[in-house]
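Encoded as structure tokens, the structure appears first; notes follow it.
Where a number appears in this text, it was derived from the coordinates with a stated rule and is not lab data. It should be emphasised that the depicted structure is a prediction, and the values quoted were computed from it without experimental measurement. No Cβ is skipped: glycine too gets one built from the backbone with ideal geometry, and neighbour counts run over all protein chains shown.
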Amino acid sequence: MHEVNRDVLRATFPAGSHLVELGCGTGTEALALAKQGCRVFALDISPNMIERARAKARAAGLADRATFVVGRTADVAELVRPSTPSSYDGAYANFSLTFEEDLRSLGASLAAILRPGAFFVCTLPNRLVLSEVLVYGALLRFRHVLWRFATPLRKEVHGVMLEIHAYSPWQIREAFDPWFDLRRTMGVPVFVPPVYLHPQYRRLGDARRVLEGLDARLAGRFPWNRLGEHTLFVFRRK
């Protein structure tokens, strides 16, 4: 999943781009893009994650290209205004918007800091997942097929129970539509089961390669691009 995201980021943002990352964690993607020649302003709500990201940047000699700050995604417009440039070439959020309650407000904040034509790449959990339908259907656990439609969803993260949000692709498009055009969607992954279903995945043996091959060929095509565990979106600022 992370490899797919990194490939899309590298293909979307050329060297020299000034970027914003939402929910950077320990800075893996930010440092990869900085090494490619981009400048990244990255934020995360966890001070420990930010400290680790800064240490990695110093060790890699990339502290001048990757800036890491503690902050909430919802406050991104306020956090980047003191920095330069005033209008960024792009932004991205890999698996970090799961806990955001108001994507429309986030869209407005991003529109305020991105130049027209800038790209925004994000990956969010999907509601209807093909691999879950197949696995739970085969196990006759039909009530689990649509478990992501429950409201609210809750997930334990480091011992803390948090509310998470799963969206259909049309809901994401609707949330960002006032400021962004949707240019591309991709299921991440579609045929390979989610990580939490890894025991079932391991039982497939050599058939795993078939599923991986299907993902490689079909994950970006309709209707499969709308049936992944997560959906990767590439938006362009209007």
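What do you get for GluC sites (Glu not before Pro) in the stretch 75-141 restricted to DSSP loop and a cutoff of at most 11 other Cβ within 10 Å of the site's Cβ?
Values: sites: Glu78, Glu100, Glu101, Glu132; in loops: Glu100, Glu101.
Filter output for the stretch 75-141: Glu101.
I'd like the projected area of the chain, averaged over all directions, using the convex hull of its alpha carbons. Report it in nm² with one decimal.
13.3 nm²
Using DSSP, restrict attention to beta bridges with both residues in the stretch 2-237 and report what percent are antiparallel, rounded to the nearest 5.
On the way: 20 of 40 bridges.
So the antiparallel bridges amount to about 50 percent of the total.
By the gyration tensor of its Cα atoms, with a ≥ b ≥ c the square roots of the eigenvalues, what is the shape of the stretch 1-42: rounded for a/c under 1.5, prolate for a/b over b/c, or oblate? Numbers along the way, then the final one.
Details: a/c = 1.73, a/b = 1.08, b/c = 1.61.
Oblate.
How much length is gained on full extension from Asp7 to Glu101, taking 0.36 nm per residue of separation minus their Cα-Cα distance? Present the calculation step by step, with values, prior to reporting the outcome.
Numbers: separation 94, 0.36 × 94 = 33.84 nm, distance 2.78 nm.
Fully extending the segment from Asp7 to Glu101 adds 31.1 nm.
For Ala15 and Arg58 in one chain, what is 0.36 nm times their gap in residues minus the Cα-Cα distance, to one decimal in nm?
Values: separation 43, 0.36 × 43 = 15.48 nm, distance 2.01 nm.
In short, 13.5 nm is gained.
Express in nm, to one decimal, how much length is gained between Ala32 and Glu78 on full extension, taking 0.36 nm for each residue of separation and deducting their alpha carbon distance.
Values: separation 46, 0.36 × 46 = 16.56 nm, distance 2.53 nm.
This chain segment gains 14.0 nm when fully extended.
Helix 207-218 against the longest principal axis of the chain: what's the angle in degrees, Cα atoms only, rounded to the nearest 10?
Approximately 50 degrees, to the nearest 10.
With each run of n ≥ 4 DSSP H residues scored as -39500 (n - 2.57), what mean residue ellipticity at 222 nm is computed for the chain after dividing by its residue count and rounding to the nearest 500 deg cm²/dmol?
Details: 9 runs with 84 residues, N = 238.
Calculated mean residue ellipticity at 222 nm is -10000 deg cm²/dmol.
Does the stretch 124-238 classify as rounded, prolate or oblate by the C-alpha gyration tensor (a ≥ b ≥ c root eigenvalues; a/c under 1.5 gives rounded; else a/b over b/c gives prolate, otherwise oblate)? Could the numbers behind the result be given before it?
On the way: a/c = 2.07, a/b = 1.25, b/c = 1.65.
Oblate, because a/c is 1.5 or more while a/b does not exceed b/c.
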